[in-house]
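The values are calculated or read from the model by the stated rules, or taken from the named source; none is laboratory data. The shown structure was predicted, so the numbers you read here are calculated from the model rather than taken from an experiment. Neighbour counts run over all protein chains shown; Cβ positions are idealised from the backbone, glycine included. The accessibility values were calculated without ligands, DNA or RNA, using every heavy atom of the protein model including side chains. Shrake-Rupley method; radii C 1.70, N 1.55, O 1.52, S 1.80 Å.
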Amino acid sequence: MSEANWYVVHTYSGYENKVKANIDKTIENRHLEDQILEVRVPMEDVEETKDGKRKLVQKKMFPGYVLIHMIMNDDTWYVVRNTRGVTGFVGPGSKPVPLTETEMDRLGIQNVVVQIDFEEGDSVVVTGGVWKDTVGVVQSINEAKRIVTINVEMFGRETPVEISFAEVKKM
């Protein structure tokens, strides 16, 4: 299986958030969660002064562009390229070029390696969020998305719940 890389997609100006939402929906509908890992519209905090008042607003770092962390293959290329609002991948011709490590560091995107001390079948306790203090059994671990699926008892039934690595610890 190929390695996931960050790619830049050019969109119509002002369509960045719509493109992100459309791609996220397509990922869910086509079950491509393991191939298209993350879609991001980079934002930055900018201080504006209007009418003598200062306020902090979020602005797009790259208007007209969306970053996508994905494994490039025919299916993922087709899904992204044929999303409404996308004009194409950044690269020569129709060949997408992944971002280099240096470019990713400048954008503030790091590939952080997370060490986890639990595995499938282990009992864990949730340390934050809406499921705080809930105990469950690990069913699956998605290292690319940094989430763990645990079974929790709710209304007398086992129910699978996805939780971030940061909110789970081994019992």
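So if I take the centroid of the Cα atoms in the range 112-171 and the same for the range 1-63, what is the distance between those two points in Å?
One Cα centre to the other: 27 Å.
What percent of all Cα-Cα pairs in the chain falls into each 10 Å bin, going from 0 up to the bin containing the maximum distance?
Whole-percent P(r) values from 0 Å outward: 9, 29, 28, 23, 10, 1.
Rounded to the nearest 10 degrees, what's the angle between the helix 16-30 long axis and the longest principal axis of the chain, both from Cα atoms, 0 to 90?
40
So for the range 112-171, taking the charge dipole from beta-carbon charges (+1 Lys/Arg, -1 Asp/Glu), which of Val126, Ile141, Met171 sits furthest toward the positive end?
Looking along the dipole axis, the top candidate is Val126.
Give me the net charge for the shell around Thr83: Cβ to Cβ below 14 angstrom, other residues only, Lys and Arg +1, Asp and Glu -1.
Here the count lands on +2.
Leaving out ligands and nucleic acids, note down the accessible area per residue over the chain with a 1.4 angstrom probe, in whole Å².
Accessible surface, normalised per residue, equals 66 Å².
Quote the charge dipole size of the range 19-171 about the Cα centre in Debye, to the nearest 20; the model charges only the Cβ of Lys and Arg (+1) and of Asp and Glu (-1).
Computed charge dipole of the range 19-171: roughly 880 debye.
Give me the net charge for the shell around Lys59: Cβ to Cβ below 13 angstrom, other residues only, Lys and Arg +1, Asp and Glu -1.
-3
Test of understanding: what is the full-extension gain from Arg106 to Ser123, defined as 0.36 nm times their sequence separation minus their Cα-Cα distance?
Using 0.36 nm per residue and subtracting the Cα-Cα distance, I get 2.2 nm.
Of the heavy-atom accessible surface of the range 24-122 (probe 1.4 angstrom), what whole percent is carbon and sulfur?
46
Cα-Cα pairs above 18 Å in the range 3-65: how many percent?
In whole percent, the long-distance tail amounts to 50.
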